[in-house]
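Some notes on the structure that comes next.
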Amino acid sequence: MFGFITDSPLFAEARKARFRPPLFVQLLVFWIVCLVVETVAGIAPGIYAGLEVMRAALSAGRNPTTEQLQQLITEKMQALSGDETYILLSLFGMTAVLVLVPLYCRFIEKRSFSSMGFRRGGLVKYGIGLLAGLLMAGAMFGLTLLSGSITVSAGAFSTGRFLLFLLAFLLQGAAEEVLLRGYFTVSAANSTGPIPAVLLSSLFFALLHFGNNGIGLISFLNLFLFGLFMALFLLKTNSIFAACALHGIWNFAEGCIFGLPVSGMSITTSLLASSSLADRTLTNGGAFGPEGGAVVTVILLLSLTLLLYWPQKKKAMPPPRESV
């Protein structure tokens, strides 16, 4: 059942890397890589946020008190969590990961792009990832709706913004997969072994969302399960393209098709507008969105079970050589 993990060609390729540090060094390097890419990714949204805060401070008058300024800044920063321009800049900023992380793997660790999952047949695998993500997101929405924990109405739709969010979420999902799965999971396996690396990367994926609005115990568990599923999906398909597509379309469908919060982030531009009932947070996830509810736990456990038992094509054995 776990043969596709231990025998993954991605891990076999990664073992050819020249830079294969012990786990402690690997974790330190991963932290540095995260710090660098987050800093670069945050430049554009950081400038936008700074300008908005300055505008709010200027609107306070000529001689605002320190307390007034602090209150204005706090209110403005909170408002940015629902500012779609800020959200789009943050999502598009993740493109930095797609550039910097592969360059690190190729020129520092001396790993091949193939070991990250950039392999042939990427277009087909991307399509598989899109289909799987839409099916999972649709099942999540359907079960949440059937549980009676959300109400649904028409959303505030804008074609331009809708398409911008589609591209932004596909890039953001791809960035997280390249960072956590294509890079860290595969690199860490050189020092921990495949299964511990999968578990460790899933834990880090959950921890990277620890500061998100509305996070709780169930949402943290679901983030871990989602990270686990994505790592196994990568290894099952042997393609980072499939993982990137699934992650991106899940987030997009959740926020811009079904109108639900995406890991604590609310987006107005959507086909549908879903409101979570306050007394059903166990199933709808409250402010964090469905990923903070038990419905997504069920979806992820079922998806993990299906993935583990899904038959994988066996490699064709060469014909036996005839003896002379």
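What to note about this one:
- Region 168-185 - phi-based ³J(HN,Hα) in whole Hz, Karplus 6.51/-1.76/1.60, Gly and Pro as x: 5, 5, 5, 5, 5, x, 4, 4, 5, 5, 5, 5, 7, 9, x, 8, 5, 4
- With 0.36 nm allotted per residue and the present C-alpha distance subtracted, the T74-F162 stretch has 28.8 nm of extension available.
- A 1.4 Å probe, protein heavy atoms only, puts the accessible area of T74 near 70 Å².
- Nearest 10 degrees, 0 to 90: helix 217-237 Cα axis against the chain principal axis: 40
- Segment L302-E67, length gained on full extension (0.36 nm per residue, minus Cα span): 79.5 nm
- Cα gyration tensor shape of region 1-157, rounded if a/c is under 1.5, else prolate or oblate by comparing a/b with b/c: oblate
- Relative contact order for the chain, counting Cα pairs under 8 Å that sit 6 or more residues apart, in percent: 24
- Projected label distance in nm at L35 and I195, using a 7 Å step from Cα toward the beta-carbon: 3.4
- Normalised by the number of residues in region 11-115, the mean separation of alpha-carbon contacts (under 8 Å, six or more apart) gives a relative contact order of 49 percent.
- Kirkwood-type radius of region 218-321, with distances r between different C-alpha atoms, in Å: 15.2
- Pairs of lysines in the chain whose Cα atoms sit within less than 18 Å of one another amount to 8, provided the residues are eight or more positions apart or on different chains.
- Segment S147-F118, extension gain: residue separation times 0.36 nm, minus the distance between their alpha carbons: 6.5 nm
- Axis of helix 23-41 versus longest Cα principal axis of the chain: the two differ by about 40°, to the nearest ten degrees.
- Take the Cα radius of gyration of region 132-183 and divide it by 2.2 N^0.38 Å, N being the number of residues; the result is 1.49.
The values are calculated or read from the model by the stated rules, or taken from the named source; none is laboratory data. None of these values were measured; they are calculated from a predicted model. In this analysis, Cβ positions are derived from the backbone assuming ideal geometry, glycine residues included, and neighbour counts consider all displayed protein chains. Accessible surface areas use protein heavy atoms only, side chains included; no ligands, DNA or RNA. Shrake-Rupley method; radii C 1.70, N 1.55, O 1.52, S 1.80 Å.
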